[in-house]
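Working notes for the structure below.
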Ligand SMILES: CC(C)(COP(=O)(O)OP(=O)(O)OC[C@H]1O[C@@H](n2cnc3c(N)ncnc32)[C@H](O)[C@@H]1OP(=O)(O)O)[C@@H](O)C(=O)NCCC(=O)NCCS
């Protein structure tokens, strides 16, 4: 799916993020699996990640993020009429985490549902909320991307445990007089789904599923390096912009080698690229809003700046969004 955002202007008016307190370093992981700090840093760029406490679930880390985004937008929670939570680790299959959050936040008039698109979930959810606002169905939407992948990792599997962390980010979307989202490109290839999956997590029978993420790292790497470039190029072409027009490039934070590859192929200068995978690992649906929070904190998210978001992940899925930023933002991380 690809398209320009015609019609009403819709933008991000509030941003908030949250990560669990507990820091797990690469050295901590060497106590659990056969790995080294050097291997992890060289192959992934990751130095540490945040890991939720035993009694911390997805909505516990989404709640402070959502409150911060609402506060920044100056939005009364009761005025939110749509909540979309992008995640693959909801508190439970149902009720949805979005319904639970709408209740906790005081949003009695909100439609609320969860969306599953792996690490691309946040970009998908923003595209959906944008369409609801542009079509006049929603007046003010809350979009949250978050995951607690630590809950579905096999902590004795060195190939996955070093890569992921927990975190969440939230944005408020509303109509604005000008600027905002310019276009989206979203895609999926279920044929590659088994390269990153959670067998036995739904109605399909698997013999003795262990409930842990399984990944073919090399195949996902190949897929990622391809779509991070093709999706970004597609949305830029669709919107009549070039990579030189981009002021802030926010790639999914999976692995610094994947980001470096995309930066080289796209020809985007490193100083325009947000990289924080070293401190959070891959937080799945939380990754892009957490990177936006870092961009906000160093003053890069200013009105008029062109921001390119590109994600990829389980599904396999990918997606890009192009935004002409409208609201100055700082202090997005709680
Ligand atoms: C996972 C990933 C970092 C592995 O890097 P790689 O360079 O492809 O490494 P390989 O899988 O080829 O493994 C190389 C060796 O390191 C070993 N290895 C794997 N994980 C290791 C770890 N944590 N510590 C030490 N050694 C490890 C392998 O067993 C292999 O050993 P062998 O050569 O004796 O068989 C890389 O494939 C990757 O980033 N893939 C994308 C994953 C991703 O982003 N997933 C989420 C998408 S949203």
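Values quoted throughout were computed directly from the atomic coordinates according to the rules given, and no laboratory measurement underlies them. No experiment lies behind these values; they were computed from the predicted model shown. We place every Cβ from the backbone using ideal geometry, glycine too, and count neighbours over all the protein chains shown.
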Per-residue ellipticity at 222 nm attributable to helices in the chain (runs of n ≥ 4 DSSP H, -39500 (n - 2.57) apiece, nearest 500 deg cm²/dmol) works out to -9000 deg cm²/dmol
Rg/Rh over Cα atoms for the stretch 19-166, Kirkwood Rh, comes to 1.05
Note: residue 116 to residue 43 extended length (0.36 nm per residue) minus current alpha-carbon separation gives 23.5 nm
For the chain, give me the percentage of DSSP beta bridges that are antiparallel, rounded to the nearest 5 percent. 70 percent
Would you mind calculating the gained length between residue 94 and residue 28 on full extension (0.36 nm times residue separation, minus the Cα-Cα distance), in nm to one decimal? 20.3 nm
Of the listed peptides 290-298, 26-34, 113-121, what is their order by residue-averaged count of other C-beta atoms within 10 Å, with the highest listed first? 113-121, 290-298, 26-34
For the stretch 243-334: rounded, prolate or oblate by the Cα gyration tensor [a/c cutoff 1.5]: oblate
Computed from every Cα-Cα pair in the chain, P(r) in 10 Å bins starting at 0 and rounded to whole percents is 6, 29, 37, 22, 5, 0
With springs only between Cα atoms under 10 Å apart, run a GNM on the chain and tell me which of 196, 142, 58 wobbles the most. 196
Need one number: % antiparallel among DSSP beta bridges in the stretch 244-334, to the nearest 5. 60 percent
If I stretch the segment between residue 8 and residue 214 completely, what's the gain in nm (0.36 nm per residue apart, minus their alpha carbon distance), one decimal? 70.0 nm
Just 88, 307, 268 to compare: in a GNM of the chain, with alpha carbon springs under 10 Å, which one fluctuates most? 268
Counting DSSP beta bridges in the stretch 14-170, what percent are antiparallel, to the nearest 5? 50 percent
For the stretch 84-152 and the stretch 247-262, write down the distance between their C-alpha centroids in whole Å. 24 Å
With contacts defined as alpha carbon pairs under 8 Å and 6 or more residues apart, what's the relative contact order of the chain in percent? 26 percent
Select from 240, 313, 106 the residue whose mean-square fluctuation is largest in a Gaussian network model of the chain (Cα-Cα springs shorter than 10 Å). 240
Can you give the Rg and Dmax of the stretch 158-307 based on its C-alpha atoms, in angstrom? 17.2, 55
Within 10 Å, count the other beta carbons around each residue, average over each peptide in 62-68, 123-129, 152-158, 173-179, and list them highest first. 123-129, 62-68, 173-179, 152-158
